[in-house]
Amino acid sequence: MSSTNRGGQRHISDYYITPPYEVSHFLRNLKLVIPDILNNKISILDPCAGGDDYNEMSYPLALQLEGIKPEQITTVDSRFDSRASIKENYLFYVPCSMFDLIITNPPFNLAMEIITKAMTEVVNGGYVIMLLRLNFFGSVARFQFWQDNMPKYVFVHHRRISFTGGTTDSIEYMHAVWQIGYKNEFTKLKII
């Protein structure tokens, strides 16, 4: 996800690597709020897994550093050069079963469709977690979605994330955490 063209450092598929250390930082904070979320029985999907010849898939790498086994994680990505096990557009992907957790950094222009689909592919009580721009909350087009689907938690990254290993992006980011079956009027916000 990007808010700028990052000074001409564009990837052929408009793919930018989510820094694994930022994902790990988020996961450590998530476990402080939901201690049992990452366990040896959880099934996880990363629908926009990324990775390439030079970079690991950020979310699977960070999850494995937190003790999740590779066989617990299903990876999907539409890019031919991705390290994902399934090379398919997630919006057309039909999973064989429901997941306990779907987590990713979706492309900004497809984020709503990916979030909406993910919410139908997670078990009741499971979680959908997306890295989004903080200003994703602000939109006339998304207003009703937020009224009907307020995240249970939002973890705002206190410093701007660099997706190129150099300068930071020009926007703040959050990990929005929805729990399927949990309806609320307000979200709990934590700065990390």
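Every read-out reported here was derived from the displayed coordinates using simple, explicitly stated rules and does not represent laboratory data. In this text the structure is predicted, and so the values were computed from the model without any measurement. Here the Cβ is made from the backbone with ideal geometry for all residues, glycine too, and neighbour counts use every protein chain on show.
Observations on the model:
- By other beta-carbon atoms within 10 Å, ranking K69, K87, K117 with the fewest at the front produces K69, K87, K117.
- Note on Cα extents along the principal axes in Å: of the candidates [x] 42, 37, 32; [y] 45, 38, 35; [z] 48, 45, 34, the value calculated from this structure sits at [x].
- Helices in the chain, meaning DSSP H runs of at least 4 residues, each add -39500 (n - 2.57). Divided by all residues, the mean residue ellipticity at 222 nm is -5500 deg cm²/dmol.
- Calculated FRET efficiency for the pair K183/R160, C-beta based, R₀ 25 Å, to 0.05: 0.20
- Residues H158, H175, sorted so that the one with the fewest Cβ neighbours within 10 Å comes first: H158, H175
- Spatially near lysine pairs across the chain, Cα under 28 Å, sequence gap of 8 or more or different chains: 26
- Relative contact order for the chain: 21 percent, from Cα pairs under 8 Å spaced at least 6 residues apart, divided by residue count.
- Phi-derived couplings, Karplus 6.51 cos²θ - 1.76 cosθ + 1.60 at θ = phi - 60°, listed residue by residue for segment 82-90: 6, 8, 4, 6, 10, 9, 7, 5, 4 Hz, with x used for Gly and Pro.
- Shape category assigned to segment 83-192 from the gyration tensor of Cα positions, a/c cut at 1.5: oblate
- Near the amide H of I102, within less than 5 Å, lie the amide hydrogens of L45, Y127, V128, I129, all on another chain or at least 5 residues away, with H placed in the peptide plane.
- Furthest towards positive pole of dipole, F186, N124, L30, structure part segment 6-191, Cβ charges: F186
- Fewest-first ordering of K188, K183 by other beta carbons within 10 Å of each residue's beta carbon gives K183, K188.
- Charge dipole (debye, nearest 20) of segment 72-134; +1 at Cβ of Lys and Arg, -1 at Cβ of Asp and Glu: 140 debye
- Three-way shape label, segment 54-146, alpha-carbon gyration tensor, a/c 1.5: prolate
- Percent of beta bridges antiparallel (DSSP, segment 6-191, rounded to nearest 5): 40 percent
- Backbone HN-Hα couplings from phi across segment 30-39 [Karplus 6.51/-1.76/1.60, Hz, Gly and Pro as x]: 4, 5, 6, 8, 10, x, 9, 5, 9, 9
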